[in-house]
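Before any comments, here is the structure.
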Amino acid sequence: MTLNKKHQSIIVILAIFLASTSLAGPLPDYGFKSPAFIGNGYSTHELTKYNLEQTRAKEIQQAMESKAAALKAEAKNTPINQFMVNLESRIYAQLSKQLVDSMFGENSGQAGTVTFEGTTISYVKDTENVTLTIVDTNASETVITVPIGDFTF
C-alpha cells in the first residue's frame, strides 16, 4: 500500500503539529533544593545543623558523666568501703559521746580541748553556759553556746 502525496503531506503536518504541542508545555522545576546552593533559608539551615551538633555533644557528655558517676558509686559500694564508712561513723559517735560526757557528765571539767584531723574543738564552762568553739582546717570558727540549766530531756 502506497500513500499518495496528499496523504503523506497530511501525516507530516500532523506529526509537526503534535510535536509542537508537546513542546509547548512548561518544563519541570529542576532547581536546587539544598539551601546551601540557592541561599534562601541558609542561615536557618546552618542554625539547625549547629543545634543538632550541640544537642548531640551534650547528650554524649551527659552519658559519659552518668557512666563515671555510676562507676564511682559502684566503687564506693564495695564491702570494704561499707565497712570503712561504718567504722568511721562509730568512731565519730564515740568521740562525740566522750566530748559530751566531759562537758556535761558527773565528773565534767571546766574547760577542754581536742584536736582531730586538723579540727580543734574546745569548750569553756561557767555557771550558766557551756561555750563550744570549733575551728576547722580552713581556720573557720563556729561558736555554740548551750545553757546548762536548760540542757535536760
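Quick note: the coordinates plus some simple rules give every number you see, no bench work behind them. None of the values given here were measured: they were computed from a predicted structure. When we count neighbours, we look across all protein chains shown, and the Cβ atoms used for this are built from the backbone with ideal geometry, even at glycine.
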Potential extension, R56-V124 segment - 0.36 nm per residue separation minus Cα distance: 18.5 nm
When the expected Rg is taken as 2.2 N^0.38 Å, what fraction or multiple of it is the alpha-carbon Rg of the stretch 109-153? 1.25
Partner lysines for K97 [C-alpha distance under 18 Å; skip if fewer than 8 residues away on the same chain]: K125
Between A70 and I11, the two model label points (7 Å from Cα along the beta-carbon direction) sit apart by a distance in nm of 8.0 nm
Report the full-extension gain for the segment V100 to T44: residue separation times 0.36 nm, less the Cα-Cα distance, to one decimal in nm. 13.3 nm
Normalised alpha carbon radius of gyration of the stretch 79-147 [divisor 2.2 N^0.38 Å]: 1.29
